[in-house]
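Novice: To start, I am sharing the structure in question, which I have written as structure tokens.
The values are calculated or read from the model by the stated rules, or taken from the named source; none is laboratory data. In this text the structure is predicted, and so the values were computed from the model without any measurement. Cβ coordinates were reconstructed from backbone atoms using ideal geometry, including for glycine residues, and neighbour counts include every protein chain displayed.
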Ligand code: PLP
């Protein structure tokens, strides 16, 4: 609860200091890479340099892998509503378990608290159905590497969590992106159509449920329809990073499909409801044969401390319930206030939501930053939609105050809204 006690201060003369520091850092890195390139004649190998350039560009756009960004010390002063984290931090039981596990910090062959078994039992599965990752992001990467040899295709909606799609860009695979429907729901019939049309080349389907960045769900009937309609050898990867925040009865987890032995992989994370984003723990659930294929590409190398934290988090249902309740209450309060101020908000089932601000959000994010609020990056093609994560009550109040300063009551003009 640490952040709730802290009142937002209002002197943030440090935004520009932070920016200056970041610019200086990246300039230093550029100079370093530049001189290395010159020294070793790397200019000829432009693809390698391209990768550096792409990584820098992604970082500048806030699209880096979790943990890639290294903000300076002023980080603690800003309201971090940009990355869908859990602002309240892990439960006392989790912190205690992690502190106790520190006694293994000096060991290689440390016990793991029984994390794989705990996850398997939690879902009514066997250990052979579980793969761990340094965050579910690592599991997504492993799925990509396993299922996307050159020229294979992945099908998914657009926009969605783009880690899977980004990997595709870096390999010789391809992504078939199915646009969202007019009301921002995910177009499952559209995905089925694309899979059938490209059947020979499609390796897997990626579904994010609830979806990031929109926050809405795929109803359980539609997941069933998809699985029953596409060829059984096309794997369906269902990313349930935000599962714990859903209240809509139309939603259901896809874990039972793993129990049935269907060709699915379900990913979960301890980064959101359990508030362990900085500690890096997630997992994938799938039939045994799929897990064996995935293991060839990673899934080890996690630290002892987070494994004990994960076991404690799975047991702490009361804390999970409390976080869900606080998140949903603050989300609905903020969304209703924005609607009352005249702005369209997509109904969300996650710990974030999207609001239409009627102009490109890249500049808008800068305006919020000046007011000590970090908001989500741009998610093309929804360029005018701002994604906002749920923070503490004072942080959401700071966000609303900034929003009212930046956007007039009454909302954006109708013509502008229709152009989006
Ligand atoms: N999946 C979705 C939909 C996400 O939004 C995120 C991170 O924000 C991840 C996966 C990766 O999270 P982590 O690697 O922390 O588990």
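Novice: Report whether or not residue 174 is more than 16 Å from the ligand (Cβ to nearest atom), more than 29 Å from residue 299 (Cβ to Cβ) and touching a strand residue (DSSP E or B) at 6+ places or on another chain (Cβ under 8 Å).
Specialist: No; evaluated as a whole, the condition is false for this residue.
Novice: Based on this model, can you work out whether residue 206 counts as in contact with a strand residue (DSSP E or B) (Cβ under 6 Å, 6 or more places away or on another chain) and assigned to a strand (DSSP E or B)?
Specialist: Yes: the conditions hold for residue 206.
Novice: Answer with yes or no whether residue 276 is surrounded by fewer than 23 Cβ atoms within 10 Å (Cβ to Cβ), touching a helix residue (DSSP H, G or I) at 6+ places or on another chain (Cβ under 7 Å) and either in contact (Cβ under 8 Å) with a residue 12 or more places away in the chain or farther than 13 Å from residue 349 by Cα (or both).
Specialist: When the stated conditions are applied, residue 276 does not pass them.
Novice: Still on this structure: If you check residue 291 against the conditions, is it touching a helix residue (DSSP H, G or I) at 6+ places or on another chain (Cβ under 9 Å), more than 12 Å from the ligand (Cβ to nearest atom) and assigned to a strand (DSSP E or B)?
Specialist: Answer is no for this residue.
Novice: Another question, if that's okay. Just checking, how many residues over the stretch 132-155 are touching a helix residue (DSSP H, G or I) at 6+ places or on another chain (Cβ under 7 Å) and within 13 Å of the ligand (Cβ to nearest atom)?
Specialist: Total satisfying the criteria: 8.
Novice: While we're here: Could you tell me which numbered condition residue 150 fails, if it satisfies all but one of (1) crowded, with 19+ Cβ neighbours inside 10 Å; (2) farther than 16 Å from residue 283 by Cα?
Specialist: Of the numbered conditions (1) crowded, with 19+ Cβ neighbours inside 10 Å; (2) farther than 16 Å from residue 283 by Cα, the odd one out for residue 150 is (1).
Novice: Given the structure, is residue 282 under 22 Å from the mean Cα position of the chain (by Cα), within 13 Å of the ligand (Cβ to nearest atom) and in contact (Cβ under 8 Å) with a residue 12 or more places away in the chain?
Specialist: Answer is yes for this residue.
Novice: Checking residue 102 against (1) in contact (Cβ under 8 Å) with a residue 40 or more places away in the chain; (2) within 26 Å of the chain's Cα centre (by Cα); (3) away from the ligand (no atom under 16 Å from the Cβ); (4) assigned to a helix (DSSP H, G or I), which single condition isn't satisfied?
Specialist: It fails just one condition, (2).
Novice: Only one of these is over 23 Å from residue 261 (Cβ atoms) and either free of Cβ contacts under 8 Å to residues at least 24 places away in the same chain or out of contact with any strand residue (DSSP E or B) (no Cβ under 8 Å at 6 or more places or on another chain) (or both): 231, 189. Name it.
Specialist: 189
Novice: Let me ask something else about it. Here are some residues: 329, 349. Which one is farther than 19 Å from residue 78 by Cα and outside any loop (DSSP other than H, G, I, E, B)?
Specialist: 329
Novice: Still on this model: Can you spot a residue in the stretch 76-90 that is over 22 Å from the mean Cα position of the chain (by Cα) and in contact (Cβ under 8 Å) with a residue 40 or more places away in the chain?
Specialist: The answer is yes; a qualifying residue exists.
Novice: Inside the stretch 226-254, can you point out the residues that are part of a strand (DSSP E or B), more than 14 Å from the chain's Cα centre (by Cα) and either within 16 Å of the ligand (Cβ to nearest atom) or modelled with pLDDT under 95 (or both)?
Specialist: Once the filter is applied, which keeps residues that are part of a strand (DSSP E or B), more than 14 Å from the chain's Cα centre (by Cα) and either within 16 Å of the ligand (Cβ to nearest atom) or modelled with pLDDT under 95 (or both), the stretch 226-254 yields 236, 237.
Novice: Here's another thing I want to ask about it. Only residues that are surrounded by 16 or more Cβ atoms within 10 Å (Cβ to Cβ) and free of Cβ contacts under 8 Å to residues at least 60 places away in the same chain: list them for the stretch 304-330, please.
Specialist: None; the set is empty.
Novice: Please determine whether any residue of the stretch 288-295 is within 26 Å of residue 107 (Cα to Cα) and touching a residue at least 40 places away in the same chain (Cβ under 8 Å).
Specialist: yes
Novice: Please indicate, with yes or no, whether at least one residue in the stretch 115-131 is closer than 24 Å to residue 352 by Cα, within 15 Å of the ligand (Cβ to nearest atom) and buried (at least 18 other Cβ atoms within 10 Å of the Cβ).
Specialist: For the stretch 115-131, residues closer than 24 Å to residue 352 by Cα, within 15 Å of the ligand (Cβ to nearest atom) and buried (at least 18 other Cβ atoms within 10 Å of the Cβ): absent.
Novice: Take the residues of the stretch 255-267 that are surrounded by 23 or more Cβ atoms within 10 Å (Cβ to Cβ) and more than 8 Å from the ligand (Cβ to nearest atom): which is nearest to residue 316 (Cα to Cα)?
Specialist: For the stretch 255-267, the residue satisfying everything is 266.
Novice: So, one more: Taking the stretch 283-296 as the region of interest, how many residues are surrounded by fewer than 24 Cβ atoms within 10 Å (Cβ to Cβ) and under 19 Å from residue 238 (Cβ atoms)?
Specialist: Within the stretch 283-296, residues that are surrounded by fewer than 24 Cβ atoms within 10 Å (Cβ to Cβ) and under 19 Å from residue 238 (Cβ atoms) number 7.
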